[in-house]
Amino acid sequence: MRKLLYVVLDGLGDLPNPRLNDKTPLEAAKTPRMDFLAEKGKTGLMYPIRKGVAPESDAAVLSILGYDPFKYHSSRGVVEAVGSGLDFKYGNLALRCNFATVDEKCEFVLDRRVGRNLTSEEAFKLAEAINKNVRLTYVPSTFIFKSTTAHRGVLLIKRLDGKLSGKITNIDPAYTRTLEGVGVAKAQTKMKIEKCLPMVNDEEAKIAAELVNEFVEKSHKILEKHEVNLKRLKEGKPPANYVLTRDAGDNLPKFPSFWELYHLRFGCMVEMPVERGIALLCGMEEIPLPPPTGNLKTDYIIRAGKVLDFLQKTFLTISLLKPILTRKSLVFFKFFPSTLNFLAMFWMVSTYSQG
């Protein structure tokens with residue numbers, strides 16, 4: 001039986017860059033193998049949600065896997081909590097978070113991703129300090145704040161005497177959300193920090209919003225004085241002095257697994273919590289991966305080999321790839337052509353070897 005390898009190059013689209021003679025990275029790259037695939041295969045466009053809407057990763061991934069994101073979607077916060085290994089229960093509140101840089105008055109976000117140079121080690125220390133020193137007192141509650149990768153994190157709040165509602169607004173000014181919980185990037189936005197507010201006239205939503213505001217305010221005080229940020233300031237780097245929350249949820253999504261739909265085994269290679277959460281909730285088998293070494297050629301070769309081996313055991317293997325960022329973005333540009341060609345090569349080999 002012919003096998004299928006589904007490769008998603010997340011973030012491949014880009015804008016012209018002066019370091020690439022005003023070409024986009026894809027325009028500058030030499031891609032003979034991808035050109036071969038385009039010539040011999042079929043190409044086209046799809047809108048994961050609808051034309052003119054830039055969805056968040058969770059809704060987009062669900063859509064390209066064949067699920068209706070409005071019917072089966074819960075929230076990115078819940079999906080990331082599952083993907084991060086947190087023990088989420090119905091009535092808990094889960095939110096996707098970003099470490100960010102804000103101004104002295106906490107009025108505007110200066111950088112939503114802390115310059116994209118916050119290391120996972122730095123983020124772990126900051127999260128550890130928040131968990132140790134912040135206590136929520138608006139109503140009896142506990143929380144776990146977990147850093148995941150670089151500036152990313154997830155917040156899980158458990159109310160001790162009741163449930164919480166995920167129908168609350170984002171503090172992150174770059175995203176809005178529908179009542180169904182689907183996150184959508186704003187076309188244009190002022191990076192003004194907003195309070196978290198209930199989206200419905202409901203006690204559980206009101207309490208949830210107050211707890212989120214309390215967490216953000218108290219964690220900011222801890223982050224401002226933390227040694228990690230004091231060191232970053234001395235090094236001329238932006239401090240990770242604020243936590244932006246978005247995409248709250250209070251229940252697990254309920255959708256049929258791939259086995260229930262097709263009675264076939266599916267595998268996945270994912271590294272971000274949101275994609276991992278979706279894969280686990282879909283009943284896929286996860287391909288174990290070592291952490292990135294920073295050597296782009298080595299890292300992609302290892303991942304390609306793992307995927308091809310796993311494809312021998314499953315009907316379909318899904319590979320969701322983001323760029324492996326290095327300290328100097330020029331290194332990425334240097335290896336970008338070989339990265340694309342290599343991905344296209346193992347895609348092509350695996351497909352035609354089954355035929």
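Bear in mind that the values in this text are calculations on the coordinates, not laboratory data. Everything numeric here is computed off the predicted structure, so don't read it as measured data. So basically every Cβ, Gly included, is an ideal-geometry build from the backbone, and we count neighbours across all protein chains shown.
Per-structure values
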{"quantity": "Stokes-Einstein D in µm²/s, Kirkwood radius over Cα pairs - the chain at 37 °C with 0.692 mPa s viscosity", "calculated": "152"}
{"quantity": "Dipole magnitude of region 76-249, debye to nearest 20 (Cβ charges: Lys/Arg +1, Asp/Glu -1, about Cα centre)", "calculated": "300"}
{"quantity": "All-pairs Cα distance distribution in region 82-235, expressed in whole percent, bin size 10 Å", "calculated": "10, 40, 38, 11, 1"}
{"quantity": "FRET efficiency for residue 160 and residue 231, using Cβ-Cβ distance with R0 set to 35 Å, rounded to 0.05", "calculated": "0.45"}
{"quantity": "Rounded tilt (10° steps) of 120-133 against the dominant C-alpha axis of the chain", "calculated": "20"}
{"quantity": "Potential extension, residue 176-residue 87 segment - 0.36 nm per residue separation minus Cα distance", "calculated": "29.4 nm"}
{"quantity": "J(HN,Hα) series, region 253-269, from Karplus relation 6.51 cos²θ - 1.76 cosθ + 1.60, nearest Hz, glycine and proline x", "calculated": "x, 10, 9, x, 6, 4, 5, 5, 7, 10, 6, 9, 7, 10, x, 8, 10"}
{"quantity": "Interchain or long-range residues, amide H under 5 Å from residue 197's placed H", "calculated": "169"}
{"quantity": "Antiparallel content of DSSP bridges confined to the chain, in %, to 5", "calculated": "70"}
{"quantity": "Dipole axis of the chain (+1 Lys, Arg; -1 Asp, Glu on Cβ), positive-most option in 84, 278, 21", "calculated": "21"}
{"quantity": "Label-point separation in nm, residue 301 to residue 104, each point 7 Å along Cα→Cβ", "calculated": "5.2"}
{"quantity": "Which of 166, 223, 307, positive extreme of dipole for the chain (C-beta unit charges)", "calculated": "307"}
{"quantity": "Note, ³J(HN,Hα) from phi for region 8-14, Karplus 6.51, -1.76, 1.60, rounded to Hz, x at Gly and Pro", "calculated": "10, 8, 6, x, 5, x, 7"}
{"quantity": "Distant-in-sequence amide H partners of residue 73 (H built 1.01 Å from N, under 5 Å)", "calculated": "none"}
{"quantity": "Surrounding net charge for residue 102, when Lys and Arg each add one and Asp and Glu each subtract one, Cβ distance under 11 Å", "calculated": "-2"}
{"quantity": "Dipole moment magnitude, nearest 20 debye, the chain about Cα centre, only Lys, Arg, Asp, Glu C-beta charged", "calculated": "680"}
{"quantity": "Pairwise label distance in nanometres, residue 40 with residue 117, each label 7 Å out on the Cα-Cβ vector", "calculated": "4.3"}
{"quantity": "Lys/Arg +1, Asp/Glu -1 at C-beta; the chain dipole; positive extreme among 117, 130, 31", "calculated": "31"}
{"quantity": "Backbone N within region 275-308 under 17 Å of label point (7 Å from residue 259 Cα along the Cβ vector)", "calculated": "278-287"}
{"quantity": "Nearest-ten-degree value, helix 203-225 long axis tilted from longest Cα axis of the chain", "calculated": "90"}
{"quantity": "Difference of contour (0.36 nm per residue) and Cα-Cα distance, residue 27 to residue 6", "calculated": "5.3 nm"}
{"quantity": "Above-threshold pairs, the threshold being 28 Å between Cα atoms, out of 146/195; 71/190; 40/297; 89/225; 51/206", "calculated": "71/190; 89/225; 51/206"}
